[in-house]
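See below for the structure under consideration.
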Amino acid sequence: MKKPRIGLVNRREMKGYLFLLPWLVGFVCFFAVPLVQSVWYSMHDVKVTANGLKLSWAGWENYRYIFQSDTVFIEQLSGFFADAILRLAVILVFSLVIAMMLNQPIRGKGVFRTLFFLPIIVVSGPVLERLVSEGATTVPLIETYGVNGIIEAVLPPMMARPLSGLFSQLILVLWYCGVPILIYMTGLQKIDGTIYEASMIDGANGWISFWKITLPALRPMILINGVYTLVFLATTGLNEVMATINDRMFRTGEQGGGYGIASAMAWVYAICLGIALLALMLLTKERKARQVAIQKSREQVELERLHAQRARGMKRRGGKRHGR
Amino acid sequence: MKKLLSMAMAMLMLLALVPALAEESGLPPMTTENITLTVAHWGQAEAGEPEVIEALITQFEEAYPNINVEFVSIDQATWDQGLTNLASEGKLPDVFWVFNVPNAVANEWALDITYYMENDPDAKELYPAMVSASKIGGKNYSYPAVMFPHMMFMNVTLFEQYNVELPPVDWTWDDYFELADELSHPEEYNFGVSNPLYTDLFPAAYNGNQGKFGWDGEKYNFDEVWIEAVEKRAEVINNKICEWMTEEEKETVLGDPAAWPPGKGRSAMHIDWPWTQAMFKTTVPQETGCEFVFYPLPLGDGMGELALVDNGVISASTAYPREAWELAKWMSWGPMAALKRQETYRSLGYPVSRMPVVSTPEVWQDLVENAEEDTKPFFEGVMNRGVNFVPSNWPIAPGWGTLETYYNTNDIDGKILRGEISAADVAGELQAVADQAVTDHLATLLGE
């Protein structure tokens, strides 16, 4: 009897699952049960009594409380997403620029790469909270020149708040770029250099190469970075929404809180975050075949134009040489 | 028959002895089994506190050799979180301190200790308001552990500068306001008083057993005393008797918009707490050249004084409630605990900032005898005036969160200060809000 053979694709799939295995084990052992529990808790009034947990059915009451009675949560939630949009844009663009610079053949690029990655070690620890409280993550010049004052005077409060928040925490935001830079760099190094050579032969300059080759090739990396950054911003210890949920876990009675309300808050937050991630995926999604075809035809026209331009140039240079 | 009679007699004698023993302590006897109790107090980062805890545990274990005591360390910054985690594991300490008693009751962490409060002879040593004003729904769920009474920081240099004599320690609030008038020289940026906490302090001073907003263990009282307090506050501020300097004034006069005028020697009578004493004994005199002595607060007709109190509870899940009660007493509020705490602090060379919640003369005498000259008036005043200390009600009273939020959101003090509303007009509204807050909170706490 022949042994069943594993095909190449299946073997690759198995390798993928092997890489996933530690996470899956961790998820099943430590995460799955609390995840389901938190849904259950969100529909109960939960007390952590001296003799264990005491649950009484509350239905949608905790969710109703969040939207109708809680004075801060919804405001903080909307504030977070307004901040996140701005910060996400800054982080994605800044880390792409730095990644491209670090990808150049320069001396000591290993040192530069380490320097740009180092802050991520700092921001993941309690050191960050101390630095923030000491004002180490702000740019003093912004305050000195009254940038925040100008923003608040010119823009409506809804727009001014996140923008001035971004400026006042600019260094912190830039610190978050460590991992995105790494991801972009892996993407950049995967692009075949011959494509750039071919485009240069066809007359494309750096600017055109960036838009026509680099950026489309990095599209999956932009999505990965977008997801990573949004999740990072959403779960960092400095996040007000997380702090409120944590605070509400340990409040009871007239202060309005407990595991029930905190779980409901966590789920509202998770759902909003899920919607934001979905929107991000849709934004960075590969275009449909038709759109791609249109794009290709446009690119073709552009290339033909460049060809013609190059041919004219060569003709002119040839004519001059001939004249000499 | 003879044998039977003698056995009956012996039984009778034994039965007669049991109530006698019980009467002696007022409580059931302690267990003779070998047991372990756990206890958690905050403040372990403060100089001297770890040594105090060690000394108190040793003292208790010497008195009850069959009981082993283990100290549970919880990070003070995340105290409630630490307790919740322990509760979820079923490992709450037998005795522990809480920042908010109603929360502990809501979570069913706190044992009803009314029986022990009423029957332990040592509990009679507690200041009466410490027991009456800390009731929730008529029951005691917490005990006062230690207190931080308010003190009056008297700037002797300003008294001398304006030729005003220091008052006797049994002074009254009327004396205080008269002195304030004499000592105020706003044109020189020297003020009679600072930190005008009259809404906190007057209910205790004039009504005896009441905390802030007149909390008496059952309800808040926005009565004449509150009206008088809040109006007096507005009066001393508006008449520049109380230090209320603007940032610009501080910048001009003191060279720093964030300066603290009492710490710059600008207030003759400043209300503060024991933990600020050290600063007024060292840094402030060095910087300003001013000399200070520390007085008790002035007296009112009610003879009460508000003090900030740390509260403890006995776990609802303890297997040894009687022994846990005894441990709580020996670790915090009991006279033996107070004496041991004071002795340990002295041996380490630290001033006593956590003060006893009992009126036991020996305990206060010990403080008077060992007090430094500048603090002696305070301790003598406390000991000799027969004051009733009232606990800070915000960590205890039901409805406090709702009431405080309403009070602050509506800027009641500010509006009265600016003359936008009168205290008498708003008192009724506040009373209604307070009553409703208590009713609602008690309903969720105790299902009443």
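Just so it is clear, none of the values below were taken in a lab; they were calculated from the coordinates. Just so you know, these numbers come straight off a predicted model, no measurement behind them. Note: ideal-geometry Cβ built from the backbone for every residue, glycine included; neighbour counts use all protein chains shown.
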Once a ≥ b ≥ c are taken as the square roots of the eigenvalues of the Cα gyration tensor of the stretch B:293-382, is the result rounded (a/c under 1.5), prolate (a/b larger than b/c) or oblate (a/b not larger than b/c)? oblate
In whole Å, how far is the Cα centre of the stretch B:46-63 from that of the stretch B:97-126? 22
So which of B:K264/B:K415; B:K124/B:K415; B:K91/B:K212 end up more than 32 Å apart by C-alpha? B:K124/B:K415; B:K91/B:K212
Across the alpha-carbon set of the stretch B:262-309, Rg over Rh with Rh taken as the Kirkwood radius works out to 1.04
Using only the Cα atoms, what convex hull volume per residue in Å³ does the stretch B:16-144 have? 140
Using the Kirkwood formula on the Cα atoms of the stretch B:388-448, what hydrodynamic radius do you get, in angstrom to one decimal? 12.8
Pairs of lysine in the stretch A:63-310 with Cα under 19 Å and at least 8 positions apart or on different chains: total? 7
Above 27 Å lies some portion of the pair distances; for chain B, what is it as a whole percent of all C-alpha pairs? 58
Net charge around A:A84, counting only other residues with Cβ within less than 14 Å of its Cβ (Lys, Arg = +1; Asp, Glu = -1)? 0
Please figure out what share of the DSSP beta bridges in the protein assembly as shown is antiparallel and state it in percent, rounded to the nearest 5. 65
Please average, across the residues of B:57-67, the number of beta carbons from any other chain that are within 10 Å of each residue's own beta carbon, and give a whole number. 0
Taking B:E228, A:E304 and counting other beta carbon atoms within 10 angstrom, the fewest-first order is A:E304, B:E228
For the protein assembly as shown, what is Rg from Cα atoms divided by 2.2 N^0.38 Å, rounded to two decimals? 1.29
Asserting the computed 222 nm helical MRE of chain B (DSSP H runs at least 4 long, -39500 (n - 2.57) per run, divided by residue count, to nearest 500) equals -14000 deg cm²/dmol
Distance from the stretch A:51-107 to the stretch B:391-416 (C-alpha centre basis), Å: 33
For the stretch B:333-444, report the translational diffusion coefficient in µm²/s to the nearest whole number, using Stokes-Einstein at 20 °C, 1.002 mPa s, and a Kirkwood Rh over Cα pairs. 122
If the only charges are +1 at each Lys and Arg Cβ and -1 at each Asp and Glu Cβ, what is the size of the charge dipole of the stretch A:63-310 around the Cα centre, to the nearest 20 debye? 860
Just to verify a number: FRET efficiency for B:E187 and B:A47, C-beta to C-beta distance, R0 = 45 Å, to 0.05? 0.60
Surface/4 of the Cα convex hull for the stretch A:45-132, nm²: 10.5
Across the stretch A:203-220, in residue order, what do the Karplus-derived ³J(HN,Hα) couplings come to in whole Hz, using 6.51 cos²θ - 1.76 cosθ + 1.60 with θ = phi - 60° and x for Gly and Pro? x, 6, 8, x, 5, 5, 4, 4, 6, 8, 10, 4, 4, x, 5, 8, 3, x
Using square roots of five times the C-alpha gyration tensor eigenvalues, list the equivalent-ellipsoid semi-axes of the stretch A:63-310 in whole Å, biggest first. 40, 23, 18
Lys, Arg +1 and Asp, Glu -1 on Cβ, resulting dipole of chain B about Cα centre, debye, nearest 20: 1520
Of B:K135/B:K329; B:K219/B:K281; B:K135/B:K240, which ones are farther than 29 Å apart at the Cα? B:K219/B:K281; B:K135/B:K240
Report the rotationally averaged projected area of the stretch B:150-302 based on its alpha-carbon convex hull, in square nanometres. 9.1
Counting Lys and Arg as +1 and Asp and Glu as -1 over every other residue whose Cβ sits under 13 Å from the Cβ of A:A99, the net charge comes to +3
Over all viewing directions the Cα convex hull of the stretch B:265-339 casts an average projected area in nm² of 8.1
Cα centroid of the stretch B:304-372 to Cα centroid of the stretch B:245-279, whole Å: 32
